[in-house]
Amino acid sequence: MFTAASVVLVEDHAILREGLRALIDLEPDLKVVGEASTGAEGVRAVQGLKPTLVITDLAMPGGSGLDTIEELRAACPNLRVLVLTAYCTDEYIEAALSAGADGYVLKDASRAELLRAIRAVMAGQKYFSKPVSARLVSGYLRRNDPADPCPAITEREREVLIRIALGESNKRVAVALHLSVKTVEKHRANLMRKLELHNTAAVTLFAVRNGLVPMQDVARCFAELELVRFRGHLNGFGGAHDGKQDAAARAAV
């Protein structure tokens, strides 16, 4: 028997909640099961209803929406959280990611984009409006020194590097480039040795700094890396970690 994914709306403007409910309930695979006008009400709704997804604003009466995200996560660890807000500043974006948001969409988004964001987040992916993605990329570039000239690598190594930066496994790279997995592993080892890179995060940063990754793919890469950075696991970006790896990651950019 088909069961629609359950959604709770946390938004202090009633007219916006009504509009969101009407939009979402038109979709056969989605159903709004609860609404809240404050973060505290939202947490109680999640505790009682155990929804699949919460769509929440960041600015609400009675407390910060950022605190609400953390409380929602604590109330229901498997919950997906999509931020829907008018704020598009580095501070809000970074704080929302740090609090555990799975997606960040601006309130001027179209109906089609909002539905894309909802389905992406429910599928375990990250989704960010284009202006938000641009800020994520820009923030990374500002935090790092200008890139050094790219050392000489072969064209095949370049192809492998780009696919690694996009998060592809050795097997997927092998299939895409019509190579054996062992050959891909060899190319990967050679280019990482030449570039003095020691992890995938450093590869991604290097590829972006040297203009090797298309902008539409950069946003997706950095969305994942930004979450890691704020959780203290990405070397050199705020978390305590092994010093040798940290130096390698910094050298990449």
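So the values come out like this:
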item: Residue that is nearest to His13 (Cα to Cα) [pool: residues in region 54-86 that are part of a helix (DSSP H, G or I) and open to solvent by 70 Å² or more (accessible area, probe 1.4 Å)]; result: Asp67
item: Residue count for region 164-202, restricted to those that are more than 23 Å from the chain's Cα centre (by Cα) and open to solvent by 80 Å² or more (accessible area, probe 1.4 Å); result: 8
item: Filtered residues of region 1-47 (kept if of a type in the set (Val, Ile, Thr), assigned to a strand (DSSP E or B) and farther than 14 Å from Cys76 by Cα); result: Val10, Val32, Val33
item: Neighbours by Cβ (under 7 Å, 6+ apart or cross-chain): first from region 187-203, without any contact (Cβ under 8 Å) to a residue 60 or more places away in the chain; second charged (D, E, K, R); result: His187/Arg156; His187/Glu157; Asn190/Glu157; Leu191/Glu157
item: Selection count where residues are open to solvent by less than 20 Å² (accessible area, probe 1.4 Å) and under 22 Å from Thr68 (Cα atoms), scope region 87-127; result: 16
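For every residue, the table says whether it meets (1) under 24 Å from Arg17 (Cβ atoms); (2) more than 16 Å from the chain's Cα centre (by Cα); (3) among the hydroxyl-bearing types (Ser, Thr, Tyr); (4) modelled with pLDDT of 90 or more.
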| residue | (1), (2), (3), (4) |
| --- | --- |
| Lys50 | yes, yes, no, yes |
| Asp57 | yes, yes, no, yes |
| Leu84 | yes, no, no, yes |
| Tyr92 | yes, no, yes, no |
| Leu106 | yes, no, no, yes |
| Ala109 | yes, yes, no, yes |
| Ala120 | yes, no, no, yes |
| Tyr140 | no, no, yes, no |
| Asn144 | no, yes, no, no |
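The values are calculated or read from the model by the stated rules, or taken from the named source; none is laboratory data. On a predicted model such as this, the values are computed, not experimentally measured, just so you know. Counting neighbours? That spans all protein chains shown, and the Cβs are built from the backbone with ideal geometry, glycine included. Keep in mind that these areas ignore ligands, DNA and RNA; they rest on the heavy atoms of the full protein, side chains included. Shrake-Rupley method; radii C 1.70, N 1.55, O 1.52, S 1.80 Å.
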